[in-house]
Amino acid sequence: MLTDVLLRVLLIVQQLLQENKHGSKRDIYYMHPSVFSDQSVVDQAINDICILLQCSRHNLNVVSVGNGLVMGWLRFLEAGRKFDCMNCPSNVHLIPVHVDEVKDIVSVAKYILVVEKESVFQRLANDRFCNANRCIVITQMAYDAKFLRVPEIRWLGAFPSDFEKYGLPQQCLLPLTPEDKRRTETMLLRCYLQREVPQWRLELESMLLRGVKFEIEALTAHSLSFLSEQYIPSKILGGLHI
């Protein structure tokens, strides 16, 4: 079984190198969730491969992720230093720490995409999402990002109902933890969910009833670029958000 895991991971690494693409550990896990019993199995396999080949994870095109990143159609000054993301929209920049010193903001973006998971952000960057879509993509901070509390923000996904809609494999389903259930039940008590966004309530009730969830990286079960080339563009063009 361990040999099978190592071979699967090696084949994925070979694909990444041949196609000059990058993937996160989480991406690799969701390419064969039935083979990899959990994330730690993939992590260990990658470490073993690095030792075997006497190389770093970076040499395998397996990336780690950081906090507070931005890319897209944006230009600004911060403490006299110019940040020009528009020349290469899919190049990644650190979000400035001192936002009060940011000025002269220029943008031609049609929308801002807030990505909660940094592994997903790196996938979009690697797929040059902002080159094909005139937008700004940012990651949420590791701490409570109060500056992202925007009343007009819309939930793009992943929805619990997306599991069947996109035909994801059963192995991608994860059981709800007691904490997941508690948080979901607490959210359902909020009266504005029924009054203003009933679709939110339907999605939450469906997830609670089934007792399972899935992570957005599960979409890579179709292909590494499915999220950036099909899922997100179709959601935005079709107005399929809540």
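The values are calculated or read from the model by the stated rules, or taken from the named source; none is laboratory data. All figures in this text were calculated on a predicted structure; none of them were measured in a lab. Please note: Cβ atoms are built from the backbone with ideal geometry, for glycine as well, and neighbour counts cover all protein chains shown.
Could you grab me the full set of residues in the stretch 110-123 that are under 30 Å from His58 (Cβ atoms) and more than 8 Å from the chain's Cα centre (by Cα)?
Ile112, Leu113, Val114
Could you count how many residues in the stretch 9-40 are closer than 14 Å to Gln171 by Cβ and either outside the structural domain of His58 (by TED's automatic domain parsing) or surrounded by fewer than 18 Cβ atoms within 10 Å (Cβ to Cβ) (or both)?
Qualifying residue count, the stretch 9-40: 5.
Looking at the stretch 18-28 only, could you name the residues that are part of a helix (DSSP H, G or I) and touching a helix residue (DSSP H, G or I) at 6+ places or on another chain (Cβ under 7 Å)?
Lys25, Arg26, Asp27, Ile28
Pairs under 6 Å by beta carbon, first residue within 29 Å of Ala221 (Cβ to Cβ) and at pLDDT 85 or above in the stretch 171-198, partner outside any helix (DSSP H, G or I) and among the basic types (Lys, Arg), six or more apart or different chains?
Partner pairs satisfying both residue conditions: Leu174/Lys213; Leu176/Lys213.
Looking at the stretch 83-123, which of its residues are hydroxyl-bearing (Ser, Thr, Tyr) and either closer than 28 Å to Asp27 by Cβ or at pLDDT below 80 (or both)?
Passing the criteria: Ser90, Tyr111, Ser119.
Identify all residues within the stretch 73-107 that are surrounded by 12 or more Cβ atoms within 10 Å (Cβ to Cβ), without any contact (Cβ under 8 Å) to a residue 60 or more places away in the chain, part of a loop (DSSP other than H, G, I, E, B) and of a type outside the set (Ser, Thr, Tyr); write none if there are none.
Cys85, Met86, Cys88, Pro89, Asn91, Val92, Ile95, Pro96
Among helices (runs of 4 or more DSSP H) lying entirely in the stretch 150-231, which contain 2 or more residues that are among the basic types (Lys, Arg)?
178-188, 198-210
Could you check the stretch 40-58 and list, in sequence order, the residues that are of a type in the set (A, V, I, L, M, F, W, C) and either part of a loop (DSSP other than H, G, I, E, B) or touching a residue at least 60 places away in the same chain (Cβ under 8 Å) (or both)?
Within the stretch 40-58, just Cys55 meets the criteria.
Might you let me know whether the stretch 140-159 holds any residue that is within 18 Å of Met31 (Cα to Cα), at pLDDT below 90 and either crowded, with 20+ Cβ neighbours inside 10 Å or of a type in the set (Asp, Glu) (or both)?
So far as the stretch 140-159 goes, yes, one or more of its residues are within 18 Å of Met31 (Cα to Cα), at pLDDT below 90 and either crowded, with 20+ Cβ neighbours inside 10 Å or of a type in the set (Asp, Glu) (or both).
From the list Val114, Val35, Val70, Val5, which residue is β-branched (Val, Ile, Thr) and in a helix (DSSP H, G or I)?
Going through Val114, Val35, Val70, Val5 in turn, the sole match is Val5.
Just one of (1) in contact (Cβ under 8 Å) with a residue 40 or more places away in the chain; (2) out of contact with any Cys (no Cβ under 7 Å at 6 or more places or on another chain) trips up Phe214, so point out which.
(2)
Would you say Gln54 is polar (S, T, N, Q), modelled with pLDDT of 90 or more, within 23 Å of Ala218 (Cβ to Cβ) and not assigned by TED's automatic domain parsing to the domain that holds Glu217?
So Gln54 does not fit the description; no.
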